[in-house]
Structure formats: structure tokens, C-alpha cells
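The values are calculated or read from the model by the stated rules, or taken from the named source; none is laboratory data. All figures in this text were calculated on a predicted structure; none of them were measured in a lab. Cβ atoms come from the backbone with ideal geometry, glycine included; neighbour counts cover every protein chain shown. In case anyone asks, the SASA skips ligands and DNA or RNA and just uses the protein heavy atoms, side chains included. Shrake-Rupley method; radii C 1.70, N 1.55, O 1.52, S 1.80 Å.
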Amino acid sequence: MATIAARPATSDSGYVRTLAVLAAAIIAAWGACVWAEWSGIAASLHHHALYESGRPFWFSALVVLGAWQVMTAAMMLPSSLGFIRMYAAAARNAPEFPKALALFLTAYFGVWTAFALLAFAGDMQLHRLVDAWAWLGAHSQYVLAGTLGFAAAYQLTPLKDACLKACRHPGMYLARHYQRGVANGWRIGFGHALFCLGCCWALMLVMFAAGVAHLAWMGVLGVVMLVEKGFPNGDRAVVPVGIALGGLAVVAAFAPHAIPGL
């Protein structure tokens, strides 16, 4: 990692302001999610509502991607604050640090936005399959059960473990890849986002089953990801979470109405 020079007071104040802005963004995102749930707007973001709305795919995709930015700030930023804080501490004395941090966040949100677009496109195709296949249409609970079961199984994979370790120990990644310069903000943010995606993408698939903006499921999954990635010994939660998701998959297959919000 590049050597850090003596820190001017202005650099320290800028660092504090950066963290304060990120914290405010997280609070504002949760406030927007609560308002959407309270006002009823969240229901219009449910995958069934979007599919049955008759709107063009591109329009529905824009709606989902707009909502996804708020969800990413609310659910993913808290679990990445440790990494962002470490990056900001290393880069705050570098020239054009605000631009580098902006590119870091752009890359981070960009990776999650690309995932959301692919997941939404797949979800819409799955709805078409349910409509076209009478048996699956009569047993659509198996789609939900399969989503939960897949998320449960992914919790126990080596890829999940490797990505979670990278997220839990960001210093090693920064020591290997940190360089000063605006462009490196993009590279660092992109690399961190890929590890974050590898750790959490299966959990975020559950959000599509829950309707993208379901507040309770956002809270539950957001806490799970925060604990796994940011809490001491949080990696010990991986297996219990997988078991819980597996149990929910069984319930979804045989008594889907027993699971709130799904």
C-alpha cells in the first residue's frame, strides 16, 4: 500500500464528512423504504405487479433499477462501511480523493445494478414460464421454495466462503491493490463489489421473491449480511442462516402462505 503522508487537519475533517455523508445516505435510504411501505408504493414494485402491469420491459426495468439504488444504499452500504472507511483512511490525503471515492461508489453501485437487471430479466422470464406451463402455474410455490433452497445451498459453498473472507478482511485486498489516483477508486470499488456480490447475491435473489421492496425482508436480510460481513465471528452465522433458509424452503413448498411477505 502506498505510504500515507502526515495528515492535515483539513484531510481529517474531510474524512469525517465522508463518513457522515455515507451514514446519512443509509438513514435516508431506510427512511425512503419505510415511506414506500407505508404509502403503498412498495406494492407496485412487487414482481407480480410489474409483470401484470402490461408496461414494456424497459419501463419496468427502470422502475426496479431506481428502487434498487435505494435498496443497495439501505442493505449493502452498512455491511461495506468497514471497507469504505479503511479505503477512505488510506486515500484521504491523496490528490482528488473526493473524485476517487465517487468512482469507488459508482463502481460499487454499478455492479449491483447489473446484477439487479439480470435478476429482473430472469424473473420476468420465469413468470412467462409459469404462465405457459399449466403444471407450474398450479404449483408456483415450488419457484419460491427453489429460490429459498438455492440461497440455503449457496450459503455452504466454497465461493460464498472465499468471498465472505475477502469482505471480512478488507485490509489484505487494499494492501494488494491500493494505488493513488482517481482511476484506482473505480478499480477498488469494482473489485470490492465483486466480492460483495459473490458473498450476497443468492440472499438478494430472495428479495425478488419478496417483491424487491418488502420492508420486513429487507430488514432481515440486511441484518444477516451486516452480521456475516461486519460483526466479530459473524462468519459463524453462515451455516445457521443456511439451515433457516432451507427450513423456509420446505415450508414454502408445502405451506407457502405461512411465510409472511412471500
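I'd like to check one number: the per residue accessible area of the chain, probe 1.4 Å, reported in Å² as a whole number. Mind showing how you got there, number by number?
Details: 12540 Å² over 262 residues.
Normalised by residue count, the accessible surface of the chain is 48 Å².
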(request) Any chance you could give the angle, 0 to 90 degrees and rounded to 10, that helix 182-210 forms with the longest Cα principal axis of the chain? (result) 20
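Given a 1.4 angstrom probe, I'd like the percentage of the accessible area of the stretch 99-166 that is carbon and sulfur, rounded to a whole number.
Summing carbon and sulfur atoms, their accessible area is 72 percent of the total for the stretch 99-166.
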(request) Measure nothing fancy, just the Cα-based angle from helix 141-154's long axis to the longest principal axis of the chain, in degrees from 0 to 90, nearest 10. (result) 30
(message) Between 0 and 90 degrees, rounded to the nearest ten: what's the tilt of helix 238-254 against the longest Cα principal axis of the chain?
(response) 20
(request) Take the Cβ-Cβ distance between LEU117 and PHE150 as r, set R0 to 25 Å, and report the resulting FRET efficiency rounded to the nearest 0.05. (result) 0.80
(message) Could you tell me how far the Cα centroid of the stretch 65-109 sits from the Cα centroid of the stretch 188-206, in Å?
(response) 14
(request) Taking the Cβ of ARG180 as the centre, find all other residues whose Cβ is under 13 Å away and add up their charges (Lys, Arg: +1; Asp, Glu: -1). (result) +2
(request) Would you mind counting up the charge near HIS48? Only other residues with Cβ under 15 Å from its Cβ, with Lys and Arg at +1 and Asp and Glu at -1. (result) -1
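Between GLU52 and GLN69, what length in nm is gained on full extension when 0.36 nm per residue of separation is reduced by their alpha carbon distance?
Numbers: separation 17, 0.36 × 17 = 6.12 nm, distance 2.30 nm.
Once the chain is fully extended between GLU52 and GLN69, it gains 3.8 nm.
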